[in-house]
Amino acid sequence: MAQIENGMQVNGTSVATVIKGMGIFERTAREYLAEKGIVDLVADTEHWYPLQAWLEVIEKIANEIGESTLFQIGLKIPENSQFPPDIDSIEKALASIDVAYHMNHRNAQGQVLFDPTESQPNMLEGIGHYHFHKLPDQNKAIMTCDNPYPCAFDKGIIKALSDKFKPATCLGVVISHDEDKQCRNNGTDICEYTVSW
């Protein structure tokens with residue numbers, strides 16, 4: 001799992017996905033957030049919250065409610081976080097996850113880790129990455145995640161974007177992950193997913 005730099009923050013739209021992803025358990029989500037000092041959540045990109053506190057909320061959800069809920073929260077991320085505007089294919093969608101990830105986090109100095117409005121955008125480090133690799137001559141890609149988020153959460157993000165941008169001729173997208181090989185649940189630093197469409 002990637003080490004995060006001290007003082008990293010996540011914006012309010014991202015944090016709000018915990019509430020949306022927990023559905024009828026919204027009250028529980030709000031209680032978990034409040035335990036970590038997030039009591040007046042503002043779901044926009046102008047309000048920022050400590051990343052470590054949010055990660056602790058996500059960990060508590062995994063331990064007390066289960067990973068299927070983390071998957072549901074991950075499915076909501078693309079609906080509620082900023083993404084680059086020019087996405088029109090599954091390949092672009094998967095490749096954009098890392099950019100979007102950095103657009104929704106900032107460092108202790110208040111710098112957004114990727115600002116597409118800059119004349120020459122520069123991606124800042126400190127939270128790990130989502131790596132995209134398209135396999136040649138196949139409708140298949142590898143996503144490698146080396147960030148501090150849990151496996152099921154990332155799988156939800158990948159699934160949501162893949163389904164949203166799959167080709168019109170595609171009946172479905174399959175996301176496979178061999179937890180016996182590379183999985184943060186088993187103490188490795190990365191999770192690797194194969195996306196087939």
Would you tally the residues in the range 1-31 being more than 19 Å from the chain's Cα centre (by Cα) and crowded, with 20+ Cβ neighbours inside 10 Å? 0
Give the residue that is surrounded by the most Cβ atoms within 10 Å (Cβ to Cβ), with candidates limited to residues of the range 40-56 that are of a type in the set (A, V, I, L, M) and part of a loop (DSSP other than H, G, I, E, B). L41
Quick check on my filter: what residues within the range 107-146 are out of contact with any strand residue (DSSP E or B) (no Cβ under 7 Å at 6 or more places or on another chain), of a type in the set (S, T, N, Q) and under 21 Å from I58 (Cβ atoms)? N107
Test F114 against the stated conditions and say whether it is modelled with pLDDT under 95 and of a type in the set (A, V, I, L, M, F, W, C). no
Condition test on G37, is it in contact with a strand residue (DSSP E or B) (Cβ under 8 Å, 6 or more places away or on another chain), loosely packed, with under 13 Cβ neighbours inside 10 Å and either touching a residue at least 24 places away in the same chain (Cβ under 8 Å) or not in a helix (DSSP H, G or I) (or both)? yes
Output for the range 175-190, where each listed residue is within 18 Å of the chain's Cα centre (by Cα) and closer than 21 Å to N139 by Cβ: I175, S176, H177
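Looking only at the range 59-86, which residues are under 24 Å from Q111 (Cα atoms) and β-branched (V, I, T)?
I77
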Mind checking whether some residue in the range 16-30 is touching a residue at least 60 places away in the same chain (Cβ under 8 Å), over 17 Å from K155 (Cβ atoms), outside any helix (DSSP H, G or I) and not aliphatic (A, V, I, L, M)? no
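The values are calculated or read from the model by the stated rules, or taken from the named source; none is laboratory data. What you see is a predicted model, and the numbers here were worked out from it, not measured in a lab. Neighbour counts run over all protein chains shown; Cβ positions are idealised from the backbone, glycine included.
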